[in-house]
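Remarks on the structure that follows.
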Amino acid sequence: MLELHDQIEAAADAIREEWDETPRAGIILGTGLGGLAEQIESPTVIDYEQIPHFPTSTAVSHRGQLVCGRLEGVPIVAMEGRFHQYEGYSLKKITLPVRVMKALGAETLLVTHAVGGMNPQYQPGDVMIIDDQINLMGDNPLVGINDDQLGPRFPDMSAPYTPELCEVAQEIARRENFVAHRGVMVAVTGPNLETRAEYRFLRMIGTDVVGMSTVPEVIVAVHCGLRVFGLSVVTDMCLPDSLKPAVVEEIVAVANSAEPKLRALVLGVLSHEASRG
Amino acid sequence: MLQLASQIDVAATAVRERWPTVPRAAIILGSGLGGLTEEISVEATIEYSDIPHFPHVSALGHRGLLVCGTLDGVPVIAFQGRFHLYEGHDAQRASLPVRLAHRLGAEALVVSNAAGGVNPRFQVGDVMLIEDQINLMFDNPLIGINDEELGPRFPDMSAPYDRELMQTAAEIARRENFVLHQGVYVAMLGPTYETRAEYRMVKQLGGDAVGMSTVPEVLVARHEGMRVLGLSTITNVCSPDALGETSGDEVIAAAGTADGKLTTIVRGVVTGL
């Protein structure tokens with residue numbers, strides 16, 4: 001595990017050489033949600049390839065660069081493009097960037113991703129504030145000998161998503177007059193989309209949306225003591241009794257259309273965090 | 001798998017050199033339940049590091065010691081400290097102690113663990129007799145080429161826990177006048193404690209208690225044809241709609257409070273073998 005510590009330091013050093021500010025928050029931008037990165041002021045863009053120990057992003061519509069700069073005047077680092085278990089990476093590798101954000105000084109993680117909506121009240125293009133999660137990825141990024149310097153052996157998971165930030169986001173949505181659900185996200189390995197029978201199963205165990213990311217990053221964020229805000233963008237509906245084939249291009253297009261809502265919530269939560277002093 | 005058989009042989013030889021008796025039963029002691037070993041008339045103690053092919057123990061509250069001796073006159077071995085999947089061991093390696101116990105001649109396995117109670121009737125410090133189990137660890141110690149010498153390719157799981165031993169345990173609890181629940185144990189990978197949503201899932205699936213061990217060991221015990229008794233100490237109650245924080249130290253402290261009940265049951269069951 002000392003090896004992990006050294007990897008975090010090496011990656012953080014490489015980023016500090018390009019950008020010497022202390023980020024208030026780290027942001028992970030999911031499928032089709034990269035547009036927010038264009039709004040970052042005085043950006044320093046670092047290719048993942050330039051950062052030691054970072055894997056390279058291979059997923060559709062994920063670019064593979066770290067954008068450091070300011071959003072609403074708040075210093076942040078944003079990942080444009082993330083890593084997935086279905087790409088063949090271990091969960092430890094996938095979550096390294098979260099540890100690097102923490103090492104750089106970030107106190108909060110904001111994570112966004114595209115999901116399939118299973119709750120019949122939801123519609124494509126809706127956003128869901130993640131209240132809780134279920135890990136069905138068959139793996140955990142904390143498996144192995146624990147480095148107590150990084151976090152506890154058995155992290156508590158009673159509230160992985162900071163309840164205060166969920167409430168801040170709901171208030172923003174009410175003010176801006178758009179729908180923001182609050183629900184439970186389940187993460188599966190993928191890369192295949194679920195069968196009708198699997199959607200019924202996931203619904204039965206109490207979940208509202210399903211995705212192939214976010215859970216590992218959030219587990220590591222909790223392990224290293226970050227406050228977490230998670231946002232799912234419902235890009236297609238997965239209703240087992242009227243299921244249509246999924247088209248990746250459509251999913252990306254719907255994700256793009258939800259961007260104004262996403263932007264309002266991410267920027268609002270970020271301002272809230274910056275005002276905590 | 002032939003390699004596995006020869007590893008077990010080497011480990012068993014190392015134990016026999018120190019303690020030549022044939023144990024009737026093997027006991028695996030979970031988090032904070034090491035107190036039972038005080039009841040054993042110890043004839044030999046062997047560090048795991050002195051047993052060939054045994055992995056290193058890193059888990060909180062687990063020591064890594066094989067205690068050999070007699071419990072009320074019955075020869076037993078007790079594993080003080082176990083291996084977990086969350087430590088990075090695969091299920092096959094985590095269940096190596098059970099294979100060793102069987103090779104030494106043990107016919108019964110008594111396995112205990114600390115678990116979170118999702119059944120709302122359970123209270124901290126209660127003991128649950130494991131009646132059945134669900135494997136949600138995404139691994140199985142029997143994956144790979146099967147060694148028919150060790151057990152069948154497709155072990156039956158219609159009753160992994162021995163009904164007779166369960167009955168004996170239940171009678172002891174009635175006689176001694178304490179609560180002994182019966183329920184289903186769900187094993188998850190860990191090391192994170194469950195989220196509220198995960199506790200709801202476990203309840204929905206029919207689980208009464210949830211933990212991070214035991215299932216691989218029981219699968220191997222059944223593969224070997226051993227009789228199994230399983231006991232969970234409820235160290236925290238996980239009601240998803242009023243969930244407090246859980247810490248490893250609290251769990252170990254709570255496990256200690258059930259030590260007496262557990263010792264009574266295990267003594268009674270082992271002497272009845």
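Any read-out appearing in this document is the output of simple, stated calculations on the displayed coordinates, not a laboratory observation. This is a predicted model, so every value here is computed, not measured. Every residue, glycine as well, gets a Cβ built from its backbone with ideal geometry; the counts of neighbours run over all protein chains shown.
Once you charge only the Cβ atoms, +1 for Lys and Arg and -1 for Asp and Glu, what is the size of the charge dipole of the protein assembly as shown about its Cα centre, to the nearest 20 debye?
960 debye
So what's Rg/Rh here for the protein assembly as shown, counting alpha carbon atoms and using the Kirkwood radius for Rh? Intermediate values should be presented prior to the final figure.
Numbers: Rg = 25.4 Å, Rh = 24.9 Å.
Value, to two decimals: 1.02.
Over the Cα atoms of segment B:75-203, compute the convex hull volume and normalise it per residue, giving Å³.
145 Å³
Of A:Arg24, A:Arg63, A:Arg200, which is the most mobile in a GNM of chain A whose springs link Cα atoms less than 10 angstrom apart?
A:Arg200
So what does the Cα-only Debye profile of segment B:150-273 read at q = 0.16, 0.20, 0.22 Å⁻¹, as log10 I(q)/I(0), no solvent term?
For segment B:150-273 at q = 0.16, 0.20, 0.22 Å⁻¹, log10 I(q)/I(0) is -0.94, -1.29, -1.38.
Determine the equivalent ellipsoid of segment A:24-147 by diagonalising the alpha-carbon gyration tensor, then write out the semi-axes as square roots of 5 times the eigenvalues, largest first, rounded to whole Å.
Numbers: eigenvalues 101, 86, 44 Å².
That gives 23, 21, 15 Å for the three semi-axes.
Place a +1 charge on the Cβ of each Lys and Arg in segment A:7-49 and a -1 charge on the Cβ of each Asp and Glu, then give the dipole magnitude about the Cα centre in debye, rounded to the nearest 20.
Magnitude of the dipole: close to 260 debye.
Say the dipole of segment B:115-160 comes from +1 at the beta carbon of Lys and Arg and -1 at that of Asp and Glu; which of B:Pro120, B:Leu150, B:Ile130 then lies farthest toward its positive end?
Checked the options; the winner is B:Pro120.
May I have the extent of the alpha carbons of chain A along their three principal axes, as whole Å values ordered from largest to smallest?
The Cα atoms of chain A stretch 52, 41, 34 Å along their principal axes.
If the cut-off is 14 Å between C-alpha atoms, which aspartates and glutamates fall inside it for A:Lys261, apart from same-chain ones fewer than 8 positions away?
A:Asp126, A:Glu171, A:Glu176
What length, rounded to one decimal in nm, is gained on full extension from B:Asp147 through to B:Asn177, with 0.36 nm per residue of separation minus their alpha-carbon distance?
6.3 nm
State the answer as a single residue: which of B:Thr21, B:Thr70, B:Tyr161 lies farthest towards the positive end of the charge dipole of chain B, with beta carbon charges of +1 for Lys and Arg and -1 for Asp and Glu, about the Cα centre.
Positive-most Cα among the choices belongs to B:Tyr161.
Compute the long axis of helix B:163-176 from its Cα atoms, compare it with the longest principal axis of the Cα atoms of chain B, and write down the angle in degrees, 0 to 90, nearest 10.
Between the helix axis and the principal axis of chain B, the angle is about 60 degrees.
In nm, to one decimal, how far is the B:Asp72 label point from the B:Gln167 one, both placed 7 Å along Cα→Cβ?
1.8 nm
Straight distance only, please: which lysines reach the Cα of A:Lys102 with their own Cα at less than 23 Å, same-chain residues fewer than 8 apart left out?
Hits, sequence-local ones excluded: A:Lys92, A:Lys93.
When the C-alpha atoms of segment B:45-119 are aligned to their principal axes, what extent does each axis show, in angstrom, from largest down?
36, 36, 21
So how long is each side of chain B along the principal axes, counting just the alpha-carbon atoms, biggest first, in Å?
53, 41, 33
Tell me the volume per residue, in Å³, of the convex hull enclosing the alpha carbons of segment B:150-198.
It is 178 Å³ per residue.
Tell me the net charge near B:His53. Cut-off is 13 Å between Cβ atoms, B:His53 excluded, with +1 for each Lys or Arg and -1 for each Asp or Glu.
Local net charge: +1.
Please state the charge dipole magnitude for chain B, taken about the Cα centre, from unit charges on C-beta atoms (+1 on K and R, -1 on D and E), reported in debye and rounded to the nearest 20.
Dipole of chain B, to the nearest 20 debye: 240 debye.
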